[in-house]
Amino acid sequence: MIAVLLPPTLGAPFSLPGAESALTHRGHVSVRPEVAGDQTPPHGARYVALASLEVNRLVAGDASTVLVAQGDAGPLLGSVGAAQRAAHRPVLGYVLVDAPLPRPGSPTRAEIARTQGLSELPPRPEEPAGYRTEHLPTVPDWPDAPCGYLVTDPAFAHPAHLAGMRGWQVRDVTAAPDTAAAALADLVTELVR
């Protein structure tokens with residue numbers, strides 16, 4: 001099983017210190033796709049396409065994966081998973097890290113932020129015009145595998161609560177953020193049992 005550590009959108013890196021070594025310690029292989037180039041509309045669809053190409057490059061054949069999305073990549077996780085299924089690569093689970101949850105339909109990032117208590121978060125400095133108001137691609141049959149949520153930032157407490165209400169495994173390490181990498185490895189292990 002390969003843990004795919006999907007970075008936030010707009011070229012930001014995946015940033016959970018020690019995640020790869022914690023996953024390796026638990027017997028999991030991890031890959032860190034580099035997704036650059038989604039600064040041009042349609043941002044969401046472009047991110048899904050670029051991330052999927054990177055996963056295809058990094059993960060050989062039909063190896064099973066757990067997709068881990070951080071930040072604004074969260075609402076796109078179902079679409080990335082659908083691309084993996086189309087490539088005949090099984091997705092065994094999904095984990096969101098400090099991320100808005102995917103929503104049915106074709107919502108905008110602004111709508112997701114408002115309904116998940118994240119509208120107080122300031123825009124990222126690199127956000128292009130129209131980034132928060134474009135309609136995101138979604139997949140109607142998601143989730144198709146077990147899901148988990150890791151919250152390290154108290155600003156994401158409400159999406160974590162919503163994830164728990166959906167029956168997802170939730171790990172809250174806001175009181176001890178230095179344990180986040182180990183918590184992620186534990187969560188991935190639980191999802192693939």
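Looking across region 142-180, just one residue is among the aliphatic types (A, V, I, L, M), farther than 18 Å from Ile112 by Cα, touching a residue at least 60 places away in the same chain (Cβ under 8 Å) and surrounded by fewer than 21 Cβ atoms within 10 Å (Cβ to Cβ), and that is Ala145. The single condition from (1) modelled with pLDDT under 95; (2) touching a Pro at 6+ places or on another chain (Cβ under 8 Å); (3) of a type outside the set (A, V, I, L, M) that Pro7 fails is (1). If you filter region 79-94 down to residues that are in contact (Cβ under 8 Å) with a residue 40 or more places away in the chain and over 26 Å from Pro125 (Cα atoms), you find that the one that is farthest from the chain's Cα centre (by Cα) is Arg85. Does at least one position in region 34-48 carry a residue that is under 16 Å from Val95 (Cβ atoms) and either in contact with a Pro (Cβ under 9 Å, 6 or more places away or on another chain) or among the charged types (D, E, K, R) (or both)? No, that holds for no residue. Of all residues in region 44-62, those that are touching a residue at least 60 places away in the same chain (Cβ under 8 Å) and over 16 Å from Ala3 (Cβ atoms) have Cβ atoms under 9 Å from Cβ atoms of residues that are of a type in the set (S, T, N, Q) and in a loop (DSSP other than H, G, I, E, B), 6 or more apart or on another chain, in Gly44/Thr9.
Considering only region 104-131, state which residues are surrounded by 17 or more Cβ atoms within 10 Å (Cβ to Cβ) and touching a helix residue (DSSP H, G or I) at 6+ places or on another chain (Cβ under 9 Å). Show your work before the answer.
Step one: of region 104-131, the residues surrounded by 17 or more Cβ atoms within 10 Å (Cβ to Cβ) are 107-109, 111-113, 116, 118, 131.
Residues satisfying the conditions are Pro107, Arg109, Ile112, Gln116, Leu118, Tyr131.
Given the residues Gly11, Gly37, which is the only one that is in a loop (DSSP other than H, G, I, E, B), more than 12 Å from the chain's Cα centre (by Cα) and closer than 29 Å to Ala157 by Cβ? Quick ask: steps written out before the conclusion?
Details: Gly37 fails: closer than 29 Å to Ala157 by Cβ.
Gly11 is the lone residue from the list that is in a loop (DSSP other than H, G, I, E, B), more than 12 Å from the chain's Cα centre (by Cα) and closer than 29 Å to Ala157 by Cβ.
Taking the criterion of being more than 16 Å from the chain's Cα centre (by Cα), in a loop (DSSP other than H, G, I, E, B) and not small (Gly, Ala, Ser), the residues of region 129-174 that qualify are Tyr131, Arg132, Thr133, Glu134, Pro140, Asp141, Arg166, Val173, Thr174. Ala51 meets each of the listed conditions (1) under 21 Å from Leu187 (Cα atoms); (2) in contact with a strand residue (DSSP E or B) (Cβ under 7 Å, 6 or more places away or on another chain); (3) of a type in the set (A, V, I, L, M) apart from (1).
Is it the case that region 40-56 has a residue that's among the polar types (S, T, N, Q), in a loop (DSSP other than H, G, I, E, B), surrounded by fewer than 19 Cβ atoms within 10 Å (Cβ to Cβ) and in contact with a Gly (Cβ under 9 Å, 6 or more places away or on another chain)? Spell out the reasoning first.
Within region 40-56, the subset among the polar types (S, T, N, Q) is 40, 52, 56.
With the extra rule that they be in a loop (DSSP other than H, G, I, E, B), the set shrinks to 40.
Those left that are additionally surrounded by fewer than 19 Cβ atoms within 10 Å (Cβ to Cβ): 40.
Cutting the leftovers down to in contact with a Gly (Cβ under 9 Å, 6 or more places away or on another chain) gives us none.
Within region 40-56, not a single residue is among the polar types (S, T, N, Q), in a loop (DSSP other than H, G, I, E, B), surrounded by fewer than 19 Cβ atoms within 10 Å (Cβ to Cβ) and in contact with a Gly (Cβ under 9 Å, 6 or more places away or on another chain).
Can you tell me which residues in region 99-128 are touching a residue at least 24 places away in the same chain (Cβ under 8 Å), within 24 Å of Thr174 (Cβ to Cβ) and not in a loop (DSSP other than H, G, I, E, B)? If you could, list the steps in order and put the result at the bottom.
Step one: list which residues in region 99-128 are touching a residue at least 24 places away in the same chain (Cβ under 8 Å), which gives 99-109, 112, 116-118, 120-121, 124, 126-128.
Applying the additional criterion that residues be within 24 Å of Thr174 (Cβ to Cβ) yields 99-103, 109, 112, 116-118, 120-121, 124.
Passing the criteria: Arg109, Ile112.
The values are calculated or read from the model by the stated rules, or taken from the named source; none is laboratory data. All values derive from a computational prediction rather than experimental measurement. FYI the Cβ positions are ideal-geometry reconstructions off the backbone, even for glycines, and counts take in every protein chain you see.
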